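Taking it in order: structure first as structure tokens, then the write-up.
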Amino acid sequence: MDASGSGAEGPGGQTASRLQAPGRRLGEKTIEVMLALCGVLSVLTTTAIVISLVGPTIGFFQLVPIGDFLFGTEWTPQFEPPSFGVLEIVVGTLNVTLWAMVFAIPIGLGAAIYLSEYAAPRVRKTVKPILEILAGIPTVAIGIFAVSFLLPEVIQRFWPGDFLGGAVGKPFMALAAGLGVGLMIVPIIASISEDAMSAVPRGLREGAYAMGATRMEVATRVVFPAALSGIVASVVLAISRAVGETMIVVLAAGSNPNLTFNPVESIQAMTAYIATTATGDISTGSVDYKSVFAVGTVLFVMTLAMNMLSIRLVRRYREVYE
């Protein structure tokens, strides 16, 4: 090599070219640009949704005081005079969500623990895809199943006679919708939680077994706490999915606004009101038309708050391993 260190002279007086890092391939740049566009598109879509909600919602609050809307306890928009107290349909939504989570969390986490800690690899590869098929079933089919089977064959047959008013003879109830929604979100909790548990380092399990722990103790005292951030994320995501579910609630819960958490009462959820009202029968610009956007804004804010809570909990309980 010469004094400058720029290259070496080869046979025939030709200078060997200096080794250089190859430039970035055109395909990689194209993929990077496409991924960036996907991210920008998701942000623009969310922004467009917010903009479409804000305008009619502001118009609605020019006709209905925001205090009456947020804290009123009567939701009778079709009556005269109308009343727009959103608490009744907010409680209806939470009623369905509550019973859905009571059903889905134990089953989902139990399935996740079984697949992660007990099932053989061959069984796991077979059972997990079958479990995730539930997430692909149309929600209208689950709603019909809730009305035609869960309500008459399960709830009305086994519900105690006069407990909480009784369930016999009622065509709609929050519990039937809650069980249907819970069945829908079981795969969300089970799949994400199982992925989080499977990501826990094998050394933690082996250390616990070396100290004489049983398989259940390893699953509940070692793996479960280590995967808590992923489990919390799965539960909050499932809650968000349950809050926004429409068809199951429309078919099984009814359309009777009711300020109660009684599972055997008919209720109306926010999504059910939007689905039954946002049709061609209402005139554009009317108070009923604008109320749909106001309810949608409340639903959007609730979902956003739960997602923000999920992010905070995940960051708080995240375990980092070397």
Original post:
With +1 on each Lys and Arg Cβ and -1 on each Asp and Glu Cβ, how big is the dipole of the chain about its Cα centre, in debye rounded to the nearest 20?
Top reply: 940
**OP:** Can you check how the C-alpha radius of gyration of the chain compares to 2.2 N^0.38 Å, as a plain ratio?
**Re:** 1.39
Original post:
Working from the pairwise distances between different alpha carbons, so that the mean of 1/r is found and then inverted, what is the range 109-222's Kirkwood radius in Å?
Top reply: 16.6
**OP:** Using every Cα-Cα pair within the range 228-311, state what percent have a distance larger than 16 Å.
**Re:** 61
**OP:** Would you mind checking which residues have amide H under 5 Å from THR76's amide H? H placed 1.01 Å from N; only 5 or more apart, or other chain.
**Re:** SER83, PHE84, GLY85
**OP:** Would you give the gap between the C-alpha center of the range 36-70 and the C-alpha center of the range 80-122, rounded to a whole Å?
**Re:** 26
**OP:** Please give the solvent-accessible surface of LEU37 in Å², to the nearest 10, using a probe radius of 1.4 Å with every protein chain present.
**Re:** 110
**OP:** Could you please state how large a percent of the accessible area of the range 94-270 is carbon and sulfur, counting protein chains only and using a 1.4 Å probe?
**Re:** 69
Original post:
Among the aspartates and glutamates, which fall within straight-line cross-link reach of LYS128, defined as a Cα-Cα distance under 17 Å, with same-chain neighbours fewer than 8 residues apart omitted?
Top reply: GLU117, GLU194, ASP195
Subject >> Per residue accessible area of the chain, 1.4 Å probe, in Å² >> reply: 56
Original post:
With contacts defined as alpha carbon pairs under 8 Å and 6 or more residues apart, what's the relative contact order of the chain in percent?
Top reply: 23
**OP:** Report, in degrees rounded to the nearest 10, the 0 to 90 angle that the Cα long axis of helix 121-133 makes with the longest principal axis of the chain.
**Re:** 50
Original post:
What is the calculated FRET efficiency for ILE31 to VAL301, with r their C-beta to C-beta distance and R₀ = 56 Å, to the nearest 0.05?
Top reply: 0.95
**OP:** Apply 1/(1 + (r/R0)^6) to the Cβ-Cβ distance of MET308 and VAL168, taking R0 = 56 Å, and write down the FRET efficiency to the nearest 0.05.
**Re:** 0.85
Original post:
Considering the chain as a Gaussian network with a 10 Å cut-off on Cα pairs, which listed residue, ILE231, ILE267, ILE282, attains the greatest mean-square fluctuation?
Top reply: ILE282
**OP:** Specify the longest stretch of the chain that does not include any exposed loop site, a site being one of the chymotrypsin sites (Phe, Trp or Tyr not before Pro) with a non-H, G, I, E, B DSSP assignment and at most 11 other Cβ atoms within 10 Å.
**Re:** 80-320
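The values are calculated or read from the model by the stated rules, or taken from the named source; none is laboratory data. As the structure is a computational prediction, the values presented were derived from the model and not from experiment. Cβ: placed from backbone, ideal geometry, glycine included. Neighbour counts: every protein chain shown. Each accessible area value is taken on the protein alone, full model and side chains, heavy atoms only, with ligands, DNA and RNA left out. Shrake-Rupley method; radii C 1.70, N 1.55, O 1.52, S 1.80 Å.
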